[in-house]
Amino acid sequence: MSCEIEHKGTFNTLLNINKIKKNLTRRIMIDKIATMIFFGSTLFALLVLGILIYRIFTQSIGWLDLQFLTSTLSIFPEKAGILGAIIGSFLLMIIVAPVTIVLGVATAIYLEEYASKSKFQSFVKMNISNLAGVPSVIFGLLGLTVFGRLLNLGSSILAGGLTMSLLVLPIVVVAAQEAVRAVPGFLRDASYAMGASRWTTIRKVVLPVALPGILTGSILALSRAIGETAPLVVLGIPALILRIPTGFMDNFTALPIQIYYWTLDAVLTREYANLAAATIVALMVMLAMMNSIAIIIRNKFQKRY
Amino acid sequence: MVNKELANKRSIFKVNKLNLWYGDDHALKDLDFEMKENNVSAIIGPSGCGKSTFIKTLNRMVELIPSVRTSGEILFNGKNIFDNSFRVEELRTRVGMVFQKPNPFPKSIFENVVYGAKIHGITRKSHLMEIAEASLRSAALWDEVKDRLNDNAYGLSGGQQQRLCIARSIAIQPEVLLMDEPTSALDPIATAKIEELIIELKKEYTIVIVTHSMQQAARISDETAFFLMGELIEKGDTKGIFTTPKDKRTEDYITGRFG
Amino acid sequence: MENQTNVRGIIKKNLANDKGRFVENLMPRVFLVAASISILTTIGIVLTLILDAYKFFSQVPLREIFSTKLAPLSANPSFGILPIINGTIITSFIAMCVAIPVGLTAAIYLSEFASDKVRRIVKPIMEVLAGIPTIVYGFFAYSFVTPLLLLLIPNLEAKNALSPGIVMGIMIIPLVASLSEDAMNSVPNALREGALALGATKLEVALKVIVPAGFSGILASFILGISRAIGETMIVAIASGSSKNFTFDITQSMQTMTAYIVEFTSGDAGSGTLGYYSLYAVGLLLFSFTLFMNLIAQYILKRFREEY
């Protein structure tokens, strides 16, 4: 009996309504302030993006024109253009796209359709996620040694393209794996039940259904490759190419390389900063286009079954 | 009378001492089963009794699940389907299957019907057209879709999709059609249409249908088999099973005492 | 009826065709070769780095390597690695001072406070931020952030550790934010509702329930962020310069390991020289650092997944 009274007593002191009320207003205020701070830091990220785009755009004004896009390099900033770099980047993509899509999709098919849940699958998966975390400059050293010197491809488009392909391959593999895994099992069953072999089922059912996902992932990988600089610098890709490349064994320059060297040279000649900014705008427009295509594909083919 | 007629028919499937395990799980136990030509056999039983597993064994679809082991033999036209010389692809062209949920490909109606013909080497357009029309007619779908063969199959209703899947199966002229609860995802009207179709198809194909609806089994089948916990409890002509079941467990199931 | 026999006949003939069976057996082998490329890449990286780094380590005494004097191109070259390790640690530290607080608070906001509408706007912008090439961030650091900082710190050098550090942090915000948000999102709603039902404010729920529950995922995002900062090349190569001084003064130019590799290959390190081999030694070190951190992050994530 006495015990119960004691309990009641503690309970009452704990639940001192006035104290709680006072406390509550304070807690609500802290909550509001914190929300504002959290929102502020989210806003910060958006703000930086805005400033970055605005700054680069204003710096490029007056420099980014048709003449800039269609001329080759010159020692006079007013006459310099990025045609060679645009063609170089384009030829680079012509190598990266087929190599990564073929290897990436084939790897994904092997992992998901042939070696599903095997030890080999988990080993390759772990390997790929580690490769994705290797700094791009290391891929440059690999390319320099294997493609540049061992296979004697030098600083050619082929050497650059193969190096870039290895760099972005993990992105394509992961995207293709997800796309293949998302193909519902009942479609595979329908095909097998018609007497289709495994390869026929993959070719006629799995790949067509997974294609939008594969394409989206591939475009994202390409947009990574087109902006990547460090491996090309390590491979010794120069910015001083006056001749426009015509074949895959030619030396070349690319948009990010051009940006890099112009930025470094801006210490000497201020106008080079404007040229770099103009080149960045050109690069970002390309990236925006590629991403828009990826988004369009994703939206158009979203879940039809 | 009925029994005598049955006995004269040719045997299509003969299952001897079939056992199946999913890992350590013994799913089918010492099954013996015989199926006659141009018959509809219904398989009934509570869920989890192995009836789906059983018909998926008949076209070896069950082997797509890893860790499945089988023993015993299944003779299809006298040849053991587990023999190495019997290619599983060939078996599946001769033993077609219709699934619980309609599963057309995300392609046009036409491409769905001719899928099997195309992957097995029939390429001429006129042949494909002929095959598409014949199979869609047999599946009682032709009149509904003849003007929109190039539309995506997912624009069809559930019942139409299921009939499309039946058309797709019979397009490569199998001898047997396995149906795994083909109407369980459909409304009563669509179900009635499919049942009508099955009775029609019986003239040309041997049909095995898994169903959890005893009324359906009674309506369309010639023979009925009752499965319980991986065992075949009783099998005989449908009328007999539903009027005078020999086994107590069969009687309990069809009178609704469990299941 | 004639057509019908035809169909079966063609199918039968086609199934008997050995070519189909040959392709069927060949394809998995072709795919296996493709799947092996990624493994070969790893092996290639490790072999490349180890073989040439070995030539470096066999010629340079350890005493010299662990010195603060780095002068690869002088008449009497010295290969002390400490200046560039120092440069890497300092720039990465500055980056994480930006990325962790901003990334984590943004993640808390997106996961616990933001409405669906805000989330739908903010997340794609974060993705854009993550998709900007690092060379662009490098240009931004050099041509905008450094001049801006110069207004606050008059004795700031044109190339310094502070500006690229900050910009690298900005670059890593989306990574930390999205991985942390994933971690918080996977905290079961029951925990959230339970705390809210006791009268806790959203902030209290976030800080006392959600963040502790998703802590391992959040920690993994920090580690992956650090690994990104260590491996980041172009921002530091442009904005931090190539001074090989061993200093802790963030207003001065200092070189990172990555910038050292980039400066040297694009310069004139002829194949076979000690300077050339030093690239691979630095590369090996860099590879080991980042691999180690990635493995830790993966380990943490794996353990964390098993919790729920």
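Note on region C:91-145: Cα-Cα pairs beyond 19 Å make up 43% of the total pair count.
Largest GNM mean-square fluctuation among B:171, B:139, B:27, using chain B with Cα springs under 10 Å: B:27. Only aspartates and glutamates eight or more places from residue A:125 in sequence, or on another chain, were considered; those with a Cα closer than 18 Å are A:112, A:113, A:178. Amide H contacts for residue B:179 (H built 1.01 Å from N in the peptide plane; partners 5 or more residues away or on another chain; cut-off under 5 Å): B:98, B:208, B:209, B:210. Mean projected area of the Cα convex hull of region B:113-212, taken over all directions, amounts to 6.4 nm². Rounded, prolate or oblate: which fits region B:1-88, taking a ≥ b ≥ c as square roots of the Cα gyration tensor eigenvalues, rounded meaning a/c under 1.5, else prolate when a/b beats b/c? Here region B:1-88 falls in the oblate category. log10 I(q)/I(0), Debye, Cα-only region A:118-217, no solvent, q = 0.18, 0.25 Å⁻¹? Result of the Debye calculation: -0.91, -1.18.
The modelled label-to-label distance between residue C:245 and residue C:120, using points 7 Å beyond Cα along the C-beta direction, is 5.3 nm.
Which log10 I(q)/I(0) values, to two decimals, does chain C give at q = 0.12 Å⁻¹ under the Debye formula with one point per Cα? Log10 of I(q)/I(0), two decimals: -0.91.
How big, in percent, is the set of alpha carbon pairs in region A:66-300 lying more than 24 Å apart? Intermediate results must be reported in sequence, preceding the final value.
Numbers: 14144 of 27495 pairs.
When every Cα pair of region A:66-300 is considered, 51 percent fall beyond 24 Å.
The HN-Hα couplings worked out from phi for region B:177-194 by the Karplus form 6.51 cos²θ - 1.76 cosθ + 1.60 (θ = phi - 60°) are 10, 9, 10, 9, 6, x, 10, 5, 9, 10, 7, x, 5, 4, 4, 4, 4, 5 Hz, whole numbers, x standing for Gly and Pro.
Loop only by DSSP, 13 or fewer other Cβ within 10 Å of the Cβ. Give me the chymotrypsin sites (Phe, Trp or Tyr not before Pro) in region C:218-276 that pass, ordered by residue number. Display every interim value, and only then the final one.
Details: sites: C:222, C:246, C:248, C:260, C:264, C:276; in loops: C:246, C:248.
Counting only loop positions with at most 13 other Cβ atoms within 10 Å, the chymotrypsin sites (Phe, Trp or Tyr not before Pro) in region C:218-276 are C:248.
With the convex hull of its Cα atoms as the shape, region C:40-156 has an orientation-averaged projected area of 12.8 nm². Other residues lying with their Cβ under 11 Å from the Cβ of residue B:16 contribute a combined charge of -2, Lys and Arg counting +1, Asp and Glu -1.
Dividing the convex hull volume of the Cα atoms of the protein assembly as shown by its residue count, what figure in Å³ per residue is obtained?
On the way: hull volume 220.4 nm³, N = 872.
Spelled out: Cα convex hull of the protein assembly as shown, divided by residues, is 253 Å³.
For residue B:69, what charge total do you get from the other residues with a beta carbon under 15 Å from its beta carbon, if Lys and Arg give +1 and Asp and Glu give -1? Please report the intermediate quantities before stating the final value.
Details: positive: B:17, B:29, B:56, B:60; negative: B:24, B:25, B:30, B:63, B:73.
In short, -1.
Once you order the gyration tensor axes a ≥ b ≥ c over the Cα atoms, which shape class does region B:156-220 get: rounded for a/c under 1.5, otherwise prolate or oblate by comparing a/b with b/c? The shape class here is oblate.
Annotation: residue A:26 carries an accessible surface of approximately 140 Å², with a 1.4 Å probe and no ligand, DNA or RNA atoms counted. Cross-link pairs exceeding 28 Å in C-alpha to C-alpha distance, out of C:117/C:208; C:123/C:202; B:146/C:13, comprise B:146/C:13.
With the radius of gyration and the Kirkwood radius both derived from the Cα set of region B:2-254, what is their ratio Rg to Rh? Present the calculation step by step, with values, prior to reporting the outcome.
Numbers: Rg = 18.1 Å, Rh = 18.8 Å.
Rounded to two decimals, Rg/Rh equals 0.97.
A cut-off under 13 angstrom between Cβ atoms defines the neighbours of residue A:62, and their net charge, with Lys, Arg +1 and Asp, Glu -1, is -3.
Where the only charges are on Cβ atoms (+1 Lys, Arg; -1 Asp, Glu), what is the dipole of region B:2-254 about its Cα centre, to the nearest 20 debye? Provide the component values of the computation, followed by the final result.
On the way: 34 positive and 35 negative charges, 96 e Å.
Dipole magnitude for region B:2-254 comes out near 460 debye.
The amide H of residue B:233, built 1.01 Å from its N in the peptide plane, has B:226, B:227, B:228 as neighbours under 5 Å, considering only residues 5 or more places off or on other chains. Along each principal axis, taking the top coordinate minus the bottom one, the Cα set of region A:68-107 gives 48, 14, 8 Å in descending order.
Treating each Cα of region C:2-59 as one equal point scatterer and applying the Debye formula with no solvent, the log10 of I(q)/I(0) at q = 0.19, 0.24 Å⁻¹ comes out as -0.79, -0.92. Using C-alpha pairs under 8 Å with a sequence gap of at least 6, the mean separation divided by the residue count of region A:215-269 gives a relative contact order of 34 percent.
Within straight cross-link reach of residue C:55, meaning Cα distance under 26 Å, which lysines are found once same-chain residues fewer than 8 apart are removed? In chain and number order, the partners are C:69, C:244. The lysines whose alpha-carbon is closer than 17 Å to the alpha-carbon of residue A:22, local same-chain residues fewer than 8 away aside, are A:32. Couplings for region A:46-59, taken from phi via the Karplus curve 6.51 cos²θ - 1.76 cosθ + 1.60 with θ = phi - 60°, read 5, 4, 4, 4, x, 4, 4, 5, 4, 4, 5, 5, 5, 5 Hz in order; Gly and Pro are left as x. For region C:98-207, just say rounded, prolate or oblate: build the C-alpha gyration tensor, square-root its eigenvalues into a ≥ b ≥ c, call rounded for a/c under 1.5, and beyond that prolate if a/b exceeds b/c, oblate if not. It comes out prolate by the Cα gyration axes. Placing C:224, B:197 in order of accessible area, with the largest value first and a 1.4 Å probe, yields C:224, B:197. Note on chain A: GNM, Cα springs under 10 Å; of A:57, A:147, A:123, the largest mean-square fluctuation is that of A:123.
The values are calculated or read from the model by the stated rules, or taken from the named source; none is laboratory data. In this text the structure is predicted, and so the values were computed from the model without any measurement. FYI the Cβ positions are ideal-geometry reconstructions off the backbone, even for glycines, and counts take in every protein chain you see. Each accessible area value is taken on the protein alone, full model and side chains, heavy atoms only, with ligands, DNA and RNA left out. Shrake-Rupley method; radii C 1.70, N 1.55, O 1.52, S 1.80 Å.
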